[in-house]
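Please treat every number below as a calculation from the coordinates, not as lab data. All values reported here derive from a predicted model rather than from experimental measurement. Counting neighbours? That spans all protein chains shown, and the Cβs are built from the backbone with ideal geometry, glycine included.
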Amino acid sequence: MSGVPPWREVPLLHLCKLNPRYSLPADELSVDYVDYAGIDDETGEILNSSQRLLADVPEGTAMFRQGDMLFAGVTSGRWVSAVVGELQHGVGFGPQMSVLRPGPNVSARYLWHVFQQPWLRQQAARSNTSTLSQPTLPHGFFRNLHIALPSMDEQRYIVDVLEQAGVRPYRDAVDRVRHLKRELASRLMLGPPGPGWALLTLADIVRVNPDYDETETEYAADAEVAFFSQRDLMAPHLRPTLVRFHDMPNPGREVRSGDLLLGAHPDRVTYGHVGVVPKGDVPTFAARTLTVLRPNEGVSADYLVSLFRSAWFDLAVTPERRLDDMYLLGRMKVALPRLAEQHRIVGILDAVPVKRIEDALEKSRVLYHALARDAFDGKLSTRWRAPSPAYVAPSLPDDDIEAAPVLSSAFRRAYRTTATEQLSLLQRLVWRGLRGRSQALIVDDPESFEAFCTSQALNPLHQYVSPSQVRRTLEQLCALGLIQQISLPPRAKGNAAPYLAAFRAYRQSKDWRSKDGLASRDAKALRASILEAELGL
């Protein structure tokens, strides 16, 4: 890149007008009203809007028109942005949105890709002045924000590259493969019954909310148990939270491996979601707000889960026949084949590569941000970077802002060019908390792991984070190469005791380079400290 002039950092408000207003006709005017649910943040489009009279629009809402860029915080960890396309009524409004109207020297789509970057959204979260759950951005956030400004030709080239690397094809593929699996399940499970099929009710094949029929067990207060909450149903596969028995949220119901957990409350987002309790080595409990279905012998739990996720649910459940009515739930009709046929059908459905496509979608999101980082560092478009005159800010229409001075400093982002730019807020907090520890974090030690999950390191989230979420986050950071997973010798003697899983941050030198080869030494030091504590040394 020698001989190529660097980009300039330009104040954002020298390129855009913030929250512009203009006069409107009478209150009888119809306008487009857009809320956060109508914005697709990953494609930067407005998908849905409603028609309102101008007189019915609440005060304090943002006004925008075609070509503007919207940026809004739904929560401190979730931000949305979009470029306004053609509006049916020419003008739109939205709740608590910041509107940027680009000037002639910046492309709206280029600006949208800038506002997609994690470093900018993290800076927005830190600038939040609201004490409520929804963030509020002060004018100073936009006034102090500087962005890299290439030429318009280079902006178009960057936008074209990033648009081709977007998630839209992967999301479409996920939707299609999910639809395929649902249709395939309907053909296999809801078609004309073959030989050996029986028409039964749900009460004939499962027990609804059964009492634990084994001898009641007394558990010590500090005994480790697995607990499933409502939120766990949102994941494709159930994964419990490990807690001590006396810390378990009440009320809890003891469940077994192979039980089905069903979201049966229509007023919850988990309504109709279902999952199978996996095998585990500790007692397992579920929140009593979840409905437990225990299949009888001759019924596959995985088959029932696939049945609930098929079109059978839409046919069997209506506003009059709700899942929270235990009597009506038990009377739902089910056409059930023999057990061998159930396993064959489940095998066919499992062969549909839903998980592989979903993993590809997640990977595409990571790759997009990596590509965007290179794009805004000027690594993708040097062929456009011919010598050009110094930048002078134009006067924007209806804008009182003075012309911008020519900036002499080259555009830099220092440590933002590392993989940390790709991290979510939770990933960044967990990574920072792990870097602050002098020893590795043993995730298989419930006491120390819970202490980390409830520490001040995760306090900025202002919400409950389960240990299973933290463990998944640690695994993601390990996959990104930011931390390292190690195995520690068990405390118990003998070869049968399992090793303990732990995570440690890479040691870094002053130039931020990783110092490898310390895992073995750290493991030995940590093991020695554990033995010293046990021996009272």
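Just rank L13, L425, fewest to most, by other beta-carbon atoms within 10 angstrom.
Arranged by neighbour count, lowest to highest, L13, L425 become L425, L13.
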Check: Considering only the other residues whose Cβ falls under 14 Å of the Cβ of M248, what net charge follows from Lys and Arg at +1 and Asp and Glu at -1?
Finding: -3
Next item on the list: Per residue of segment 166-183, in order, report the coupling 6.51 cos²θ - 1.76 cosθ + 1.60 (Karplus, θ = phi - 60°) as ³J(HN,Hα) in whole Hz, putting x for Gly and Pro.
Entry: x, 8, 4, x, 6, 5, 4, 5, 4, 4, 5, 6, 5, 5, 4, 5, 5, 5
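Please identify the GluC sites (Glu not before Pro) of segment 12-60 that satisfy two criteria: DSSP loop assignment and at most 12 other Cβ atoms within 10 Å. Which are they? Don't jump to the answer; show the numbers that get you there.
Numbers: sites: E28, E42, E45, E59; in loops: E28, E42, E59.
Passing sites in segment 12-60 are E28, E59.
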Note to self: Using 0.36 nm times the number of residues separating L180 and K363, minus their current alpha carbon distance, what extension gain do you get?
What the structure shows: 63.7 nm
Notebook entry, point to check: Semi-axes of the equivalent ellipsoid of segment 103-177: what are they in whole Å, largest first, if each equals the square root of 5 times a C-alpha gyration tensor eigenvalue?
Noted result: 27, 22, 8
Checklist line | 3J(HN,Hα) from dihedral phi, segment 291-296, Karplus parametrisation 6.51/-1.76/1.60, rounded to Hz, x for glycine, proline | finding: 8, 9, 10, 9, x, 6
Next item on the list: Collect residues whose amide H, placed 1.01 Å from N in the peptide plane, falls under 5 Å from the amide H of L145; neighbours closer than 5 in sequence don't count.
Entry: L12
Notebook entry, point to check: Going by the alpha-carbon gyration tensor, a ≥ b ≥ c the square roots of its eigenvalues, is segment 137-281 rounded (a/c under 1.5) or, if a/c is not under 1.5, prolate (a/b greater than b/c) versus oblate?
Noted result: oblate
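How do 81-91, 104-114 rank on mean C-beta neighbours within 10 Å, highest first?
In descending order of packing, they fall as 104-114, 81-91.
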Checklist line | segment 223-324: GluC sites (Glu not before Pro) in DSSP loop, at most 10 other beta carbons within 10 Å | finding: E297, E320
Checklist line | By average C-beta atoms within 10 angstrom, highest first, the peptides 194-201, 345-352, 329-336 | finding: 329-336, 345-352, 194-201
Check: Can you run phi through the Karplus equation (6.51, -1.76, 1.60; θ = phi - 60°) for segment 78-83 and list ³J(HN,Hα) in whole Hz, with x for Gly and Pro?
Finding: 9, 10, 10, 8, 6, 9
Item checked: Tail fraction, Cα-Cα pairs, segment 198-336, threshold 17 Å, whole percent -> 59
Notebook entry, point to check: Using modelled amide H (1.01 Å from N, peptide plane; none on Pro or chain starts), what sits under 5 Å from the amide H of M97, excluding residues fewer than 5 places away?
Noted result: A62
